[in-house]
Structures are given as C-alpha cells and as structure tokens.
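Colleague: Below are the structure tokens for one structure; questions will follow.
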Amino acid sequence: MNPLAQELNEMLAAGNPHVLAMLSELGKNLFFPKGILTQSAEAKEKAHRFNATIGIATENGGPMYLQCIQDKLQAFDPKDIFPYAPPAGKPELRALWREKMLSENPSMSDKYFSNPIVTNALTHGLSIVADMFIDAGDQMVMPDMMWGNYNLTFTTRCGAVIKKFPTFTVDGGFNVPAFKTALQNVASEKGKAVVLLNFPNNPSGYTPTVAEGEGIVAAIKEVAEDGCNIVAITDDAYFGLFYEDSLQESLYGKLANIHPRVLAIKLDGATKEEYVWGFRTGFITFADGNKDANSKVLTALEKKTMGIIRATISNCPHPGQTFVLDALRSDQFLAQKEEKYEVMKGRALKVKEVLADSKYDAAWDYYPFNSGYFMCLKLKNVSAETLRVHLLEKYGVGAISIGKTDLRVAFSCIAEENIQELFDLIYQAVTDLD
C-alpha cells in the first residue's frame, strides 16, 4: 500500500474507524499523489519568474486558445474556460454550492459536513461511491422501483448484490417497514450495508412524506445502533422538484452526524436542478457520525475522492463549472428557476387531472407520484413492452417499459396542453391490444 494511502487510513482510524471499515479494498488503497498537480500548485504560488510545471500551453500571460472558439464564449474570461479545473473543482463553485445546500435544506444548518467536491455529473458521483465503498458481494438496499443504471454502476462494475424491497405499501405510501426489514436482513448477514435513497424517485416520481422520511431515518439509526456500518447515499438528482405534500428537502440533512456507524453521502448537481443536462456538473458531499468538527475523516475522504478522480478522468470539465457558477451568482437565477418549476408542476398536476378520468380504470392503475420528472402506469391487461412497441410503431409515441406491467411516462418533456392527448393515445393503444 502506498504510504500516502496508509496515512489517510490512519487519519480515518483516528477520526472514525467505522468509516475506514466501510471502504472497499480499492477505497483503502486510494490516495491523492504528491506529483505533478501538487508541484504545480506550489509553483503557482511561488514561481514568480517562470512556471514550467503544468501541461497547458500559454500565451500573453494566459491560456493559449483558438479565437474561433473564444468568439463563441466572449462573456467569459479565457482563464475560466480553457485551463484545467482543480481536481476537486473550482473553489468558488464549491463554496457557493455549499451555501445553496444550506439555504435549501434547513436540517443541515447544525450539521458538520464536507465541502462539495465537483463530479462529472451525478452518475460520476455514483461511480466514485461504487469504487470507494463497494467490494464484490457487498449488499445494497434499494426499492424495487429503481433507476436501471444502478445495475451497471454497482452490480456489473463492482459486484454488488442489490437487495430490493417493495417501494409502496398497499395503501400507496412509501414502504418503510419493508425497507427496514431489508436493511435488517443485510445487517445481520454482512455487518455492512449500503443504502441508496433516490428522491424524487426515478422511475416512480415519488418523494416520501415527512413522516415516511422520519421512518426511514429512524430505521437506519436503529440498525446502526445494533452494530451495522451503513453507507447512506442520497441520490438527489431531481432535488427541488417537489409539487405536493412531501419532504421538501434531502434526507441527507437528517442522516448527517446521526451515528458513528452511518456515513451520509449526498450526490446532487446542476444537471436537472438548473436544467443544464449537457454541462455534466455534479457534486459529492460527505458527513460522518461526528457532530463536532472532525477534519481528519472528511479530509481523508476528500483526498481519496480526489485520488479516484485523478485516476479516472483527471479533473472535471472547466467550462460547465464556470457557467454554473455564473448562473448561481446571477440576480435573475432564483426568479427564472421558479418560473421553470411552475411549468414542471403544472405538467405534473395536469397528469393527475387527466388520470382522474374513470375511463382509464380498466386499462391501468398508476403509482403514487408527487415530484420529479416521471410517473408510472401499472398496466392491467397488456404487457408493458408490447404496449411500448405498439405505441411507437402505430402512434409515434415513446415511453419506457419496466418489467411486465409498468410503463414510465416522462411528463417533464410533454407540454401541459398535450398531456390529455398523450394519455388518450396510450389508452387507445391499450384498447388495440386488449
């Protein structure tokens, strides 16, 4: 093991040995090298005459660039576009995103957590978590309504075993008892559990109520108190898109510092929150069980995260970070974001209004939804995949089939005035096949 990795592991052991035990073998071996980047950082501070360290080309005291590219980006200084960004991301962006998280999540106000580290959007953050905390055979607890890409990220890449539980109770609420049972079963078998909470949920579009959220947190704490190490990940990709009576903040704030055996990890980003899917700018933020400042644990985790970023993509793209930072600083940002939120909310509520029509009752039920981008129909008489293909070929309508009965509809990309027609076409397609 590299001495730098050993040093970070010793920091974890001193700060919270449970976190050290949560790491995968790769995670334990990760470190941030004191190589080119470190030497370049030192040179940036002290090399007042010539700085011949980092591998970029310079000209006239700044980065070299092609004018045909800069012409399209004249609102931005070339130094904020063309050079490499720091391994953990632009410091100003990290600080401002932290302020944003605190303003939107009141339960984080008295918690101790790391500065957000920039990732290449949220999927990259999931990949970092998988590399750092998953060994083959480790078990993850997830609802059965889950994003399909989790299989590639955690099972195919790292050999995790996903233990699913029914997402909803028969009454249509989040199934806290089933979640708790699944978590207890993993804890008794492995002594370590990885919990992935994705709210608003993809594909169902559901966010738990406040009471359900409290039940989830209580279950995690109880299992930790019984001696299980828990990596609790909140995938907050669709954060803020809460349309009805539900939690209005991330469960991360409730999970941070809750118990020494719980490591809370928040994954979020500008991708969906700020409607900039192609910018690929996300964040990963850590909070262990310590309620007081504990720089050893968070420093070690940050260094290991920087190590895996360095080993895979070197650093995250600079332009997207600059664009997001500029937006967050804009005095128009909040008003424009609220305007788009109202559009999304209007679409979601229109879907509920349309589906209230009893004419659809023989064709499908629908799962609870109150947030996010999606909702799911539960078909009664036809195969979801058969319906998907028929919809596409006869009516030119695209939707996603999930399993035998579920059809996911992304109302996020359907104008409100077209929602009635969309569901009428789906209903007609069901009638064709029934």
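The values are calculated or read from the model by the stated rules, or taken from the named source; none is laboratory data. Every value quoted in this text rests on a predicted model; they were computed, and no experiment measured them. Glycine gets a Cβ as well: all are built from the backbone with ideal geometry, and neighbour counts include every protein chain shown.
Colleague: Considering each residue of the stretch 400-434, count those that are in contact with a helix residue (DSSP H, G or I) (Cβ under 6 Å, 6 or more places away or on another chain) and over 19 Å from D361 (Cα atoms), and give that number.
Modeller: Of the residues in the stretch 400-434, 4 are in contact with a helix residue (DSSP H, G or I) (Cβ under 6 Å, 6 or more places away or on another chain) and over 19 Å from D361 (Cα atoms).
Colleague: To continue, here is another question. Is the stretch 256-269 home to any residue that is among the basic types (K, R), in a helix (DSSP H, G or I) and buried (at least 19 other Cβ atoms within 10 Å of the Cβ)?
Modeller: no
Colleague: Let me ask another. Of the residues T53, T38, T58, which single one is more than 33 Å from the chain's Cα centre (by Cα) and either without any contact (Cβ under 8 Å) to a residue 12 or more places away in the chain or on the phi > 0 side of the Ramachandran plot (or both)?
Modeller: T58
Colleague: Hey, can you tell me all the residues within the stretch 389-432 that are surrounded by 15 or more Cβ atoms within 10 Å (Cβ to Cβ) and in contact with a His (Cβ under 8 Å, 6 or more places away or on another chain)?
Modeller: A429 - this is the single residue of the stretch 389-432 that is surrounded by 15 or more Cβ atoms within 10 Å (Cβ to Cβ) and in contact with a His (Cβ under 8 Å, 6 or more places away or on another chain).
Colleague: Quick check on this structure: which one of A160, A130 is in contact (Cβ under 8 Å) with a residue 12 or more places away in the chain and touching a Cys at 6+ places or on another chain (Cβ under 6 Å)?
Modeller: Of A160, A130, the one residue that is in contact (Cβ under 8 Å) with a residue 12 or more places away in the chain and touching a Cys at 6+ places or on another chain (Cβ under 6 Å) is A130.
Colleague: Which one of the conditions (1) under 18 Å from the mean Cα position of the chain (by Cα); (2) surrounded by fewer than 19 Cβ atoms within 10 Å (Cβ to Cβ) does G89 fail to meet, given that it meets all the rest?
Modeller: (2)
Colleague: Are any of the residues in the stretch 297-304 assigned to a helix (DSSP H, G or I), under 20 Å from L96 (Cβ atoms) and in contact with a strand residue (DSSP E or B) (Cβ under 9 Å, 6 or more places away or on another chain)?
Modeller: Looking through the stretch 297-304, at least one residue is assigned to a helix (DSSP H, G or I), under 20 Å from L96 (Cβ atoms) and in contact with a strand residue (DSSP E or B) (Cβ under 9 Å, 6 or more places away or on another chain).
Colleague: A further question on this structure: I'd like to check something: does the stretch 403-412 contain any residue that is at negative phi, assigned to a helix (DSSP H, G or I) and charged (D, E, K, R)?
Modeller: no
Colleague: Which members of the stretch 348-383 meet the condition of being in a helix (DSSP H, G or I) and surrounded by 21 or more Cβ atoms within 10 Å (Cβ to Cβ)?
Modeller: Passing the criteria: A348, V351.
Colleague: Still on this model: Working carefully through the options V118, V141, find the one that is under 19 Å from L30 (Cβ atoms), among the β-branched types (V, I, T) and in a strand (DSSP E or B).
Modeller: V118
Colleague: Next question. Exactly one condition in (1) without any contact (Cβ under 8 Å) to a residue 24 or more places away in the chain; (2) out of contact with any helix residue (DSSP H, G or I) (no Cβ under 6 Å at 6 or more places or on another chain); (3) surrounded by 13 or more Cβ atoms within 10 Å (Cβ to Cβ); (4) under 18 Å from A85 (Cβ atoms) is false for Y65; which is it?
Modeller: In the conditions (1) without any contact (Cβ under 8 Å) to a residue 24 or more places away in the chain; (2) out of contact with any helix residue (DSSP H, G or I) (no Cβ under 6 Å at 6 or more places or on another chain); (3) surrounded by 13 or more Cβ atoms within 10 Å (Cβ to Cβ); (4) under 18 Å from A85 (Cβ atoms), Y65 misses (2) alone.
Colleague: Working carefully through the options F113, F76, find the one that is outside the structural domain of M306 (by TED's automatic domain parsing) and part of a loop (DSSP other than H, G, I, E, B).
Modeller: From the options F113, F76, the qualifying one is F76.
Colleague: Please work out which one of (1) surrounded by 16 or more Cβ atoms within 10 Å (Cβ to Cβ); (2) touching a residue at least 40 places away in the same chain (Cβ under 8 Å); (3) outside the structural domain of Y252 (by TED's automatic domain parsing) is the condition W97 fails and give its number.
Modeller: (3)
Colleague: Another question, then. Taking the stretch 144-169 as the region of interest, how many residues are more than 26 Å from L377 (Cβ to Cβ) and in a loop (DSSP other than H, G, I, E, B)?
Modeller: Total satisfying the criteria: 2.
Colleague: For the stretch 179-228: of the residues being at pLDDT 95 or above and at positive phi, which is surrounded by the fewest Cβ atoms within 10 Å (Cβ to Cβ)?
Modeller: Top of the filtered list is G227.
Colleague: Scan the stretch 173-216 residue by residue and report those that are part of a loop (DSSP other than H, G, I, E, B) and of a type in the set (A, V, I, L, M, F, W, C).
Modeller: The answer is F199, and nothing else.
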